[in-house]
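Heads up, the thing below is written out as structure tokens.
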Amino acid sequence: MLTFFIIFAAFFTAAIGGLALLSTLIARRVEKALPPTGRFIDIDGHRLHYQDEGGHGPAVIMIHGLGGQMGHFSHSLLDRLAGRYRVILLDRPGSGYSTRPPGAPGGPVAQAAVVAGFIRALGLERPWVVGHSLGGAVALALALDHPDCVAGLALVAPLTHPQPEVPSCFRGLAITSPAIRWLVAWTLAVPLGILRGRTVLDTVFGPDPVPPDFGTRGGGLLGLRPGAFRGASADLVAAAADLPRMVERYGTLRLPIAILYGRGDQVLEWRRQGLAMRDRLPGVDLTLVDGGHMLPVAAAARMAEWLTGVTAPVRAGGQ
């Protein structure tokens, strides 16, 4: 019996070590193929990776969703906007190439505080904030807690209310224990991410097709790193804790809010998220289009047209 236990322990240790080594090698290859493309700035112990493009017109900050990075916006949308706006793409804390201190909270409220510090550090005067998916919740928290930093919100397929269930494509991230999250990140997350990657992308994009170059030009391969899994898992769990308190405060918002949602979204349901927001704030401008969750990539032309339209009244008013 003792011999069996020793053999089993040795096998288990070797398997864990092998998976950790494999995950490390894959992460290094991904980072070599897709190095950082922007600049870095330190905000309250966070090292933020961002891209500042355009330079003409009002500033627009774009905040990506769960498990994403700035490539979700640079893939198809950035070039359509850079001639009209100063477009600033930001890897959220703990996502892409942005880092956060060990133990730092990952919820929308905490991330909004870091984004507010980022806005002030760049000397921006009340930019428009575009938030996609979970980035929409961060944008809403920013408007609630730091209204001096925001001229208006343009939310794309945003998470605005608690979800009854975690979307199927993200259930593997719902790990509440930091220790188990770390173990999964360094063993199973990367191999399973490779095996299930196509299925997850089909859900996240569906019913729209996945662009063939999304993994490279859209930065999708950056999700195949243990740190990316840990950051996304922590974000998912923390968002569930923040949202109920945020919802109670939505009635205090006093700024332009526009929402763009795809009727076929397979990640977030537009009635529970977009329509529910308009019900709380009748002044919210809700626009529905054909398409799924990844509108910044799959419907970039339509999104650029929509964003130009919703920001026009504020720009015309000199804000």
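Quote to one decimal, in nm, the extra length available between D213 and A301 on full extension: 0.36 nm per residue of separation minus the C-alpha distance between them.
Details: separation 88, 0.36 × 88 = 31.68 nm, distance 1.76 nm.
Answer, rounded to one decimal: 29.9 nm.
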Pick out which of G274, G54, G223 has the largest mean-square fluctuation in a Gaussian network model of the chain, springs linking Cα atoms closer than 10 Å. G54
Can you sort L134, L268 by how many other beta carbons sit within 10 Å, fewest first? L268, L134
Rounded to the nearest 20 Debye, what is the dipole magnitude of region 2-316 about its Cα centre when Lys and Arg each give +1 and Asp and Glu each give -1 at the C-beta? 300
Quick one: which residues, 5 or more positions from I175 or on another chain, have an amide H under 5 Å from its amide H? H modelled 1.01 Å from N in the peptide plane, none for Pro or chain starts. none
Tilt of helix 178-187 relative to the longest C-alpha principal axis of the chain, in degrees (0 to 90, nearest 10)? 70
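Counting Lys and Arg as +1 and Asp and Glu as -1, what is the net charge of the other residues whose Cβ lies under 10 Å from the Cβ of V87? Could the numbers behind the result be given before it?
Working: positive: R80, R84, R86; negative: D52, E53, D79.
So the environment of V87 carries a net charge of 0.
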Solvent-free Debye scattering, log10 I(q)/I(0), computed from the Cα coordinates of region 186-319 at q = 0.11 Å⁻¹: -0.54
Among G219, A151, L19, which residue has its Cα furthest toward the positive end of the charge dipole of the chain, with +1 on Lys/Arg Cβ and -1 on Asp/Glu Cβ? L19
Binning at 10 angstrom from zero up to the longest distance, how are the C-alpha pair distances of the chain distributed in percent? 6, 28, 36, 20, 6, 3, 1, 0
Separation of the L122 and D44 label points, Cα + 7 Å toward Cβ, nm: 1.7
Rounded to 10°, Cα long-axis angle of helix 300-316 versus longest principal axis of the chain: 40
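Read-outs throughout are calculated quantities, based only on the coordinates presented, and are distinct from any laboratory measurement. Being a predicted model, the structure only gives us computed values, none of them experimental. In this analysis, Cβ positions are derived from the backbone assuming ideal geometry, glycine residues included, and neighbour counts consider all displayed protein chains.
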